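To start, the structure itself, in structure tokens.
Just so it is clear, none of the values below were taken in a lab; they were calculated from the coordinates. What you are looking at is a predicted structure, and each value in this text was computed from that prediction instead of being measured. Glycine also receives a Cβ, built like all others from the backbone with ideal geometry; neighbour counts cover every protein chain displayed.
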Amino acid sequence: MSHASTRPPETGSWEALQRELFEEDLKHAPVIHPAVLKESPIIEVDNFSLWYGTKQVLYNITMAIPRGKVTAIIGPSGCGKSSLIRSFNRMNDLLDGVRYEGDIRVDGQSIFSPSQDVIELRKRMGMVFQKPNPFPMSVFENVVYPLRIDGVRNRAVMEQVCRRTLEAAALWEEVYDRLHKSALELSGGQQQRLCIARAIAGDPEVLLLDEPCSALDPVATAKIEDLFDSLAGRYTLVIVTHNMQQASRVSDFTALLYMGRLLEFGPTVEVFSRPKLRTTEAYITGRFG
């Protein structure tokens, strides 16, 4: 049964309305649309909670990321979006005072198992950050860096992977004659696509993208979004974004997090056109956030 409805704000602030909607929706279990359950999952999050020191940032998250699809994770700043995807490849392990409860499984295997090789896990999950972070070396060396870490020394293999991944990142035609020049000379949008090429050079199963367009201009953002479309299917993409229009354009599924809790998760077209919760409706229509 749908909880969503349109109504004017109560007398008082939008913040008061926001609290009212959220408290009402917390009475219900997170709404998982039936179409999500029909998908084959690659990442399964099971009653997962996360703390930084004494501060809890994620509360009992349970969701399954569909294999080979694009999933957008949306929500206001500070709601736990980045903390969640950084948990998928255990990047939060690098921070002091982190602890967790629950489990996350990739292809059915717990990422917290004592037998889990964290380096291998991160190879399976390429990560692209909010700000482009090319290494201070040539374009070519940036792309083949994962291969060198793996001990690849065959120049022909590295050249082949370099071209293939730059083509996949829609960057080859722009840099093929600049491969041995510094990556820092590229524009911001080119640097971000280079980081995506570097991420896929290691042949991951999943690409985790943490607000990858927030530092880019509209032209560069459009190129990155086109790239998402071409990569979907070959990889599972999980994109954190604060941009509602971007989420609606590029994703197959959308999950709304709010104050560290999963509220609603379903096909993007349903979440944006027929949300089940009033909080979801209020957020995607810009009434708060």
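Taking every DSSP beta bridge that has both ends in the chain, the antiparallel portion is near 55%. Electrostatic bookkeeping for residue 126 treats Lys and Arg as +1 and Asp and Glu as -1; over the other residues with beta carbon under 15 Å from its beta carbon, the sum is +4. With the cut-off at 23 Å, tell me which of the pairs 131/276; 55/123; 223/276; 81/131 have Cα atoms farther apart than that. Going by Cα-Cα distance, 131/276; 55/123; 223/276 fall outside the 23 Å limit.
Scattering from the C-alpha atoms of the chain alone, worked out with Debye: what is log10 I(q)/I(0) at q = 0.08, 0.12, 0.14 1/Å? Here the Debye-derived log intensity ratios amount to -0.36, -0.79, -1.03.
Computing FRET efficiency as 1/(1 + (r/R0)^6) for residue 176 and residue 269, where r is the C-beta to C-beta distance and R0 is 41 Å, gives about 0.60. Relative contact order of the chain, taken over Cα pairs closer than 8 Å and 6 or more residues apart, is 30 percent.
What net charge do the residues around residue 240 carry, taking every other residue with its C-beta under 9 Å from that of residue 240, with Lys and Arg at +1 and Asp and Glu at -1? Local net charge: -1.
Electrostatic tally near residue 69: other residues with Cβ closer than 10 Å to its Cβ, Lys and Arg +1, Asp and Glu -1, net -1.
Maximal additional length on extending the residue 46-residue 131 stretch stands at 27.6 nm, based on 0.36 nm per residue less the C-alpha distance. Peptides 83-93, 248-258 ranked from most to least packed by the mean count of surrounding Cβ atoms within 10 Å: 248-258, 83-93.
Taking the alpha carbon gyration tensor of the range 34-95, multiplying each eigenvalue by 5 and rooting it gives semi-axes of 23, 12, 11 Å, largest first. Of the trypsin sites (Lys or Arg not before Pro) in the range 96-159, the ones in a loop by DSSP (not H, G, I, E or B) with at most 12 other beta carbons within 10 Å are 153.
Only beta bridges with both residues in the range 199-289 are counted; by DSSP, about 50 percent of them are antiparallel. All alpha carbon pair distances within the range 136-204 were sorted into 5 Å bins beginning at 0; the resulting P(r) in whole percents reads 4, 20, 34, 27, 12, 3, 0. Normalised by the number of residues in the range 136-204, the mean separation of alpha-carbon contacts (under 8 Å, six or more apart) gives a relative contact order of 53 percent. The convex hull around the C-alpha trace of the range 160-289, projected and averaged over every direction, spans 8.8 square nanometres.
Only Lys, Arg, Asp and Glu carry charge here, each on its Cβ (+1 for the first two, -1 for the last two); on that basis the range 241-289 has a dipole of about 140 debye about its Cα centre.
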